[in-house]
Amino acid sequence: MFIYTVRRLIQTIPVMIGVTLVVFLMMHLIPGDPAQIIAGESANEQQVEQTRERLGLNDPLPVQYGTFVGNAVTGDLGNSIRSGRAVTDEIGARFWVTVELAFYSTLLSIFIGLIAGIVSATRRNSPLDMIIMITALFGLSMPNFWLGLMLIQYFALNIEWLPVSGWGTPQSIILPVITLGTAGAAIIARMTRSSMLEVIHQDYIRTARAKGVKERYVVYKHALRNALIPVVTVVGLQFGVLLGGAVLTETVFAINGLGRLVVEAIGQRDFPIVQGAVLILALMFVFVNFIVDISYRFLNKRIDLD
Amino acid sequence: MAETTVNVSTEEKKRVNPQMENFKNVWRKLRQNYLAMAGGILIVLFMIIAIIGPWITTGDPLAPNVADRLEGPSSQYWFGTDHHGRDIFTRIIHGMSITLYIGFLSVFVGMIFGVVFGIVSGYYGGRIDAVIMRTMDVLLAFPGILLALGIVAVLGGSINNVIIAISIFSIPVFARIVRGSTLSVRKLEYVDAVRALGASDFRIIFRHILPNIMSPIIVQATLRIATAVLTASGLSFLGLGAQPPTPEWGAMLAAGRNYMWEHPHIALFPGLAIVLVVLAFNLFGDGVRDALDPKLKS
């Protein structure tokens with residue numbers, strides 16, 4: 001297990017190098033002169049030249065990349081063009097908001113998804129199963145920003161139960177979490193159902209039933225345990241999707257998280273911020289996937305991923 | 001002699017038959033699946049709307065009509081009017097072709113690149129496989145919409161850039177699936193047999209491997225269109241895709257946001273349009289998967 005963890009950790013290195021490379025190149029792929037962009041559109045030639053010199057933009061690309069990674073490791077992602085503050089400061093303040101949002105939404109989607117999936121699988125082809133599966137399909141097909149708008153319309157404006165926007169108070173997190181968690185719940189419900197159905201048809205379940213084990217015990221002790229293994233992978237992937245989806249949810253609910261920061265920064269052409277935030281979100285996703293793989297391995301000792 | 005010729009041709013027909021049978025089989029299963037058929041019929045209906053819709057709606061989707069702004073649904077304006085007084089129904093009909101265009105084209109381009117990368121990776125293995133798959137891992141490391149967002153941030157917001165972004169965003173998904181299938185097919189005896197007969201790599205890949213891994217590609221492509229439509233509308237909603245006054249649904253939601261609190265119909269109908277299109281592709285994709293993959297058929 002330890003060896004596997006180390007090996008899996010080593011595997012993330014090329015991905016991390018790739019991610020930093022892509023984020024680094026972003027700045028150079030933008031049409032126009034990076035120095036001009038960073039110095040601001042109104043900057044004169046001398047200022048642009050100073051910026052170029054200060055940021056080492058005259059160096060060859062590989063050297064620049066080395067500097068970029070070196071700085072990033074020590075927590076220096078450059079400065080915001082608009083505010084002049086360090087990118088890490090701008091991000092740091094909002095990082096936990098997005099993590100919280102994604103975390104609560106993941107919890108909600110696991111909770112609802114698992115219950116719905118188990119109910120569906122155990123009452124297969126019943127009207128309840130069909131209702132759940134069609135609801136899940138709708139949940140999967142809905143743009144989360146639109147769901148958010150509709151929830152605000154009803155719960156915040158029509159019946160005035162919950163606040164329209166913001167983050168922090170218990171009431172204010174309800175709608176964003178539902179907005180972001182719905183698609184995940186749908187995916188997990190579908191995954192749990194099909195995984196349970198697959199397991200239920202296996203011999204050892206039939207054996208357990210034949211031995212006279214109570215149905216409830218068969219479902220929860222024997223079937224669910226094994227059915228959950230593929231679900232774990234989906235949950236991990238889902239957390240990543242939610243980090244991305246937070247961009248839209250945060251915009252709809254005016255939440256000051258990382259996602260909204262990215263969108264605002266794109267609008268203002270504040271590329272160091274875009275770079276930094278995208279880098280942090282991607283690295284976080286790599287980390288989450290690493291954790292998921294480890295727990296997958298832990299849950300399922302039968303498979304050998306080597 | 002004549003008899004032999006006849007025999008040969010029936011022989012040949014028989015050899016083609018399994019594929020034909022397979023297709024008929026899949027079609028039969030698909031037809032029995034009401035939800036999938038509903039999805040398929042909706043998709044056809046949407047395509048018809050996209051093509052002839054603009055000809056049969058009377059209003060101009062772009063011209064403002066201040067006198068009738070923000071009117072609720074009525075017999076004259078089925079879905080009401082927006083803040084410029086434009087008929088929302090007309091705009092949604094005109095937006096259909098944009099949505100389908102983005103969905104189909106971006107997935108098609110992503111699929112082509114993904115399939116090529118996946119097959120090359122799985123077939124040749126070794127270093128080229130490592131390079132391609134690590135690159136795909138990097139692309140997959142950007143969660144959800146973020147990769148598309150980053151690409152559009154660099155290229156600028158427009159429908160074509162959204163297509164480029166979503167194509168790139170779809171490549172790794174196809175590449176991974178195709179690589180996996182190629183690996184499992186490549187080891188089969190018949191591939192060794194054709195190779196022994198002297199077939200070139202190109203011929204083996206296109207004649208013998210690709211036809212046998214089409215199922216997962218088709219399933220993925222159908223489901224991927226749903227994702228592409230959602231992603232594209234999201235980008236436009238953020239102001240990074242189609243720009244106003246284009247009647248793209250996500251852009252319509254973004255533009256109507258400031259008015260929707262008092263006039264909910266502005267946000268209701270474009271959103272419903274997105275849900276319906278995505279739902280249709282999801283329904284159809286699920287059905288195709290069940291029909292093509294007997295393992296999952298319950």
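The values are calculated or read from the model by the stated rules, or taken from the named source; none is laboratory data. Not measured: the values here are computed from a predicted model. Please note: Cβ atoms are built from the backbone with ideal geometry, for glycine as well, and neighbour counts cover all protein chains shown.
Brief remarks on what is shown
- For the residues A:Ser195, A:Ser141, A:Ser120, A:Ser126, the requirement of being in contact with a Pro (Cβ under 9 Å, 6 or more places away or on another chain) and either among the polar types (S, T, N, Q) or not assigned by TED's automatic domain parsing to the domain that holds A:Ala282 (or both) singles out A:Ser195.
- Of A:Tyr4, A:Tyr104, A:Tyr65, all but one fail to be touching a Phe, Trp or Tyr at 6+ places or on another chain (Cβ under 6 Å) and away from chain B (no Cβ under 14 Å); the exception is A:Tyr65.
- Of all residues in the stretch A:270-279 being within 12 Å of A:Arg82 (Cβ to Cβ) and part of a helix (DSSP H, G or I), the one that is nearest to the other protein chains (Cβ to nearest Cβ): A:Val274
- Residue within the stretch B:174-193 that is polar (S, T, N, Q) and within 14 Å of chain A (Cβ to nearest Cβ) present: no
- Number of the exception - A:Ala93 against (1) assigned to a helix (DSSP H, G or I); (2) surrounded by 15 or more Cβ atoms within 10 Å (Cβ to Cβ); (3) of a type outside the set (Asp, Glu): (2)
- Reported count of residues in the stretch B:231-245, each being more than 7 Å from every other protein chain (Cβ to nearest Cβ) and either basic (Lys, Arg) or crowded, with 24+ Cβ neighbours inside 10 Å (or both), is 6.
- Pair list, Cβ under 8 Å, 6 or more apart: the stretch A:231-253 residue within 10 Å of another protein chain (Cβ to nearest Cβ), other residue in a loop (DSSP other than H, G, I, E, B) and at pLDDT 90 or above: A:Ala246/A:Gly257; A:Val247/B:Leu238; A:Leu248/A:Pro143; A:Leu248/B:Leu238; A:Thr251/B:Leu238
- Per the listing B:Phe113, B:Phe108, B:Phe46, the residue uniquely within 20 Å of B:Arg289 (Cα to Cα), assigned to a helix (DSSP H, G or I) and hydrophobic (A, V, I, L, M, F, W, C) is B:Phe108.
- Checking A:Ala35 against (1) over 24 Å from B:Leu147 (Cβ atoms); (2) touching a residue at least 40 places away in the same chain (Cβ under 8 Å); (3) of a type in the set (Gly, Ala, Ser), the condition it does not meet: (2)
- Test: residue in the stretch B:138-148 that is assigned to a helix (DSSP H, G or I), crowded, with 18+ Cβ neighbours inside 10 Å and more than 14 Å from chain A (Cβ to nearest Cβ): no
- Among the numbered conditions (1) within 14 Å of another protein chain (Cβ to nearest Cβ); (2) free of Cβ contacts under 8 Å to residues at least 12 places away in the same chain; (3) not acidic (Asp, Glu), the only one that A:Val199 does not meet is (2).
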